[in-house]
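Below is one structure, written out as structure tokens, with a few remarks after it.
Every number here is computed from the coordinates shown, using simple stated rules; none is lab data. Bear in mind the structure is a predicted one, so any value in this text is a computation, not a measurement. Backbone-built Cβ (ideal geometry, glycine too); neighbour counts: all protein chains shown.
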Amino acid sequence: MAGAFAGWWAKMSPYYTKAYQEMWVGVGVMTFLYYKVSYGGKKAAVDSSAHAVKSAPSHTAKPATSAAAAAAAAATATSLAVAAGDVTMSDILQRQHKNLVLEERKLYLEIEKLELEKAKLKSMK
């Protein structure tokens, strides 16, 4: 494998080291800036863990009285977590689960509503 790379580098070295010398400075600067923006250094990584917003597990949530109230509660919880700036994959999955549960509740309410209308129409006949 090293021989293949050496052969490729022998042919491409002038192209990467002479033709685009200025590009490598930009690559280095952009890499450094990406690192600083993404990780913010060791101190920021340690400090951000203290500000994490933890949401309650979805199975402990009380059933919403209406789909609109449930959607508003989910939106509030989502905005608080995003405002804290500490969003983990677990938080994202919990929010997605909550949204699916809310959609399921909306569908059940819609089904109940249709069944009531159906029973009302049957009683009128």
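Side notes on the structure shown:
- Residue 17 versus residue 103: modelled label distance in nm, points set 7 Å from Cα along the beta carbon direction: 5.5
- Gain in span if fully extended, residue 115 to residue 30, counting 0.36 nm per residue against the direct Cα distance: 24.6 nm
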